[in-house]
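The values are calculated or read from the model by the stated rules, or taken from the named source; none is laboratory data. Just so you know, these numbers come straight off a predicted model, no measurement behind them. Every residue, glycine among them, receives a Cβ derived from its backbone with ideal geometry; neighbour counts consider all protein chains shown.
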Amino acid sequence: MRADEFRGRIGATVAESEPWFDEPPHPGEGAPNVVVVLLDDTGFAQLGCFGSEIDTPNIDALAAGGLQFTNFHVTPLCSPTRASLLTGRAPHAVGMRAVSNFRTGFPNQLGHISNHASTVAEVLHDQGYATFCVGKWHLAPMEQCSAAGPFHQWPLARGFDRFYGFLEGETDQFHPELVSDNHPVDPPGRPEDGYHLSEDLVDQALRMIADSTGVRPDRPFFTYLAFGATHAPHQAPPAYLDKYRGRFDEGWDVVRERWFRRQLELGVIPPDTRLAPRNPGVEPWDGLPEDQRRLAARLQEAFAAFLDHTDVQIGRLVDGLRRLGQLEDTILVVLADNGASQEGGPYGVLHEMKFFNGILETPAEAVARIDDIGGPRSHTNYPWGWAQCGNTPFRWYKQNTHEGGVHVPMVVHWPGGIDAAQRGTKRDQFAFVADIVPTLYDLLGIEPPSVRNGLDQLPVTGCSFAAALHDPDVPTANPVQYFENAGSRAIIADGWKAVTKHAAGADYDTEPWELHHLAADPSETEDLAAREPERLQELIRLWWAEAERHGVLPLDDRTIELFGARFRARSPHPPDRRYVYRPPMSPLPGQAGAAIGGRSFDLTAAITHDPDAEGVLFATGTENAGLSLFVQAGRLVLDYNAFGDHTIVESDAEIPSGDVQVGIRLRRLDGFAGTATLSVDGRDAGHADLALFMRMMSSIGPSIGADHGSAVSDRYAAPFPYGGTLHEVVIQASPDRFGDTAATTARAEMSRQ
């Protein structure tokens with residue numbers, strides 16, 4: 001407290017003075033807790049209570065004891081949805097029109113949430129709430145997400161007291177890249193011990209809540225739990241994978257029809273809803289070759305197992321809140337960030353990185369490793385047919401502004417605040433993700449600040465649907481909502497929707513718009529544009545007005561150019577691409593580590609070697625793909641793991657004792673080929689030709705002096721730290737990439753989000 005803030009009286013002595021104590025903020029007795037659970041890439045139909053046959057009894061129980069929102073919408077992509085969810089504002093207005101992996105130099109894409117848009121965590125923290133963030137963040141520029149920071153857009157700087165999770169758009173569920181508060185940490189277990197990230201996240205969330213309520217039971221909490229599930233890679237414990245064996249052998253046509261009929265019976269879609277036709281590229285199941293059906297069914301099994309396992313963790317969270325005596329007074333919201341993902345392509349992928357390297361593994365090739373699907377040795381995503389099934393009854397997918405991309409499930413559970421007579425009922429009022437925070441402010445009696453930390457705050461533009469919690473017939477509070485992603489646009493107003501699916505490079509002014517009367521045709525099966533051109537033009541004009549109001553412009557459909565130009569001065573990637581790493585160092589996330597994917601490079605390690613010393617000098621990637629340079633049995637060894645095809649190069653002589661320079665030279669040749677050469681004290685000591693020079697090895701970045709996560713090489717058990725003295729690792733990468741490498745990496749990074 002500053003002297004000018006003191007409200008007592010100071011005299012010459014204590015007897016002549018009057019003390020004054022400032023009171024810390026407190027939201028008041030009876031203020032409810034808030035828990036927001038966010039699922040990733042989960043379509044409208046994939047929860048049991050929204051039509052699927054995947055077992056989600058815990059979410060279903062929350063819906064039965066709360067409210068099920070059947071007309072809830074989000075953005076088509078994860079970072080923009082998260083920005084809206086946490087601020088109550090339009091994603092473009094707060095600087096997050098796309099994923100946080102790049103910046104454009106325009107206010108609508110900062111790579112982080114604008115500091116002029118307070119998060120709900122900041123607002124509730126200022127009111128006296130304890131605030132916890134667990135799981136996926138993906139709201140900070142990726143090059144700022146290493147142990148070097150800067151940390152000003154990490155969760156602790158945006159209002160959260162504690163954070164445990166991952167900062168990227170995805171992570172391996174068995175070997176995640178984890179951060180606790182502001183520092184990297186190793187997972188507390190390994191898959192052979194039964195470790196899985198989703199279980200870990202719930203353990204951490206409950207520990208944070210118990211720590212807080214055990215000491216300060218008077219202080220309510222806000223917990224934001226964002227699972228990696230059900231984003232790729234689809235990974236689950238073996239028992240869950242076994243549970244779904246054969247469950248989807250009937251194929252997506254039969255299953256989608258059955259889920260659609262179940263949705264009608266459950267009342268989550270209007271009775272006159274039509275099932276949208278197959279999306280282009282989705283073939284009839286009965287006409288697929290046998291290997292393609294086997295692969296697709298097994299990939300869907302992995303997704304179902306992943307979602308089922310996640311539902312069990314949500315049940316553990318609910319049971320924990322009940323055990324702590326907190327469930328009755330907790331507003332619990334469960335939602336998805338966008339529709340089911342189209343990023344598995346027409347066949348699905350067993351190893352996503354192989355797909356991103358331009359290797360189109362055929363189903364006949366993939367089924368040779370079919371039993372790896374869903375486990376640590378896979379990085380899978382399912383095909384378009386199952387994604388559309390997950391979005392039943394809608395068209396298209398995540399990334400698209402049609403309903404399949406933006407119409408998702410939401411459940412609100414609050415025993416102490418929802419009348420018993422209303423529990424288990426549905427709400428069909430239109431609502432958008434930006435409406436959640438204004439609803440919370442309304443329920444908590446909080447007025448968001450107009451100025452915070454000296455910064456004027458953008459207005460909270462979402463609309464509270466608090467009245468709908470008590471009245472199923474109240475009109476929607478949000479009559480007009482725009483959507484935009486990479487040039488695809490849509491607007492919903494008074495039950496009508498205008499939408500255009502943009503193709504990169506197409507003329508924004510002349511590409512066709514569709515018109516749909518969602519009130520009568522919620523699955524967008526009948527285009528009324530030719531029949532009602534005036535209404536369509538009115539909605540298009542309204543879209544442009546809303547775009548101006550919410551900072552959507554300029555429209556921008558670039559991808560490759562943005563990823564190639566996002567790193568400016570003072571980034572982790574120097575212009576000459578020379579990286580110097582000196583241990584001890586924390587593992588580096590993929591986008592802050594040395595950019596060697598697709599590049600020729602030299603790596604030199606300065607060591608003081610002892611004849612008995614072994615261990616990893618440098619490793620990047622995972623057991624699925626990567627490279628590792630290590631010392632074993634006195635020799636220098638390179639294991640170049642190209643998706644399970646290991647090229648091993650051993651030095652032709654033992655490494656001498658004392659101070660030594662060892663390293664590798666990797667050169668990319670034409671096409672996919674390359675070469676690898678070992679060096680010991682400047683002398684070539686081993687060579688191999690590489691049939692596949694990987695353009696993008698892994699989403700997991702490098703580690704220095706050990707191999708964190710899963711072991712790149714089968715010749716050791718991770719982390720296998722080097723037992724001698726590693727002084728430094730210097731990597732000199734080619735400043736220029738081959739053109740197709742830049743394009744491939746850009747597409748890969750965008751798809752992985």
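Figures for the structure shown
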read-out	value
Selected residue (criterion: nearest to Arg97 (Cα to Cα)) from residues of segment 555-607 that are modelled with pLDDT under 80 and outside any loop (DSSP other than H, G, I, E, B)	Leu562
Flag if Glu524 is over 24 Å from Gly95 (Cα atoms), in a loop (DSSP other than H, G, I, E, B) and outside the structural domain of Pro270 (by TED's automatic domain parsing)	yes
Helices (runs of 4 or more DSSP H) completely within segment 217-333 that count 2 or more residues being acidic (Asp, Glu)	252-266, 290-323
Any chance Ala613 is of a type in the set (A, V, I, L, M), surrounded by fewer than 21 Cβ atoms within 10 Å (Cβ to Cβ) and assigned to a loop (DSSP other than H, G, I, E, B)	yes
Among (1) more than 29 Å from Asp126 (Cα to Cα); (2) part of a loop (DSSP other than H, G, I, E, B) - the single one Ala63 does not satisfy	(2)
Subset of segment 344-378 [more than 20 Å from the chain's Cα centre (by Cα) and of a type in the set (Gly, Ala, Ser)]	Gly358, Ala364, Ala366, Ala368
Flag for Thr677 being surrounded by fewer than 21 Cβ atoms within 10 Å (Cβ to Cβ), free of Cβ contacts under 8 Å to residues at least 40 places away in the same chain and part of a strand (DSSP E or B)	yes
Exclusive hit being among the small types (Gly, Ala, Ser), in contact with a Gly (Cβ under 7 Å, 6 or more places away or on another chain), modelled with pLDDT under 95 and under 26 Å from Pro589 (Cα atoms), set Ser100, Ser146	Ser100
Within segment 67-107, tally of residues that are more than 18 Å from the chain's Cα centre (by Cα), part of a loop (DSSP other than H, G, I, E, B) and buried (at least 24 other Cβ atoms within 10 Å of the Cβ)	6
Complete set of residues in segment 311-356 that are acidic (Asp, Glu), touching a strand residue (DSSP E or B) at 6+ places or on another chain (Cβ under 9 Å) and at pLDDT 95 or above	Asp329, Asp337
Residue under evaluation Gly267, criteria (1) on the phi > 0 side of the Ramachandran plot; (2) not assigned by TED's automatic domain parsing to the domain that holds Leu77, criterion not met	(2)
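Residues checked against (1) under 16 Å from Ser710 (Cβ atoms); (2) of a type in the set (A, V, I, L, M); (3) not in a strand (DSSP E or B):
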| site | (1), (2), (3) |
| --- | --- |
| Gly165 | no, no, no |
| Gly169 | no, no, yes |
| Gln173 | yes, no, yes |
| Pro187 | yes, no, yes |
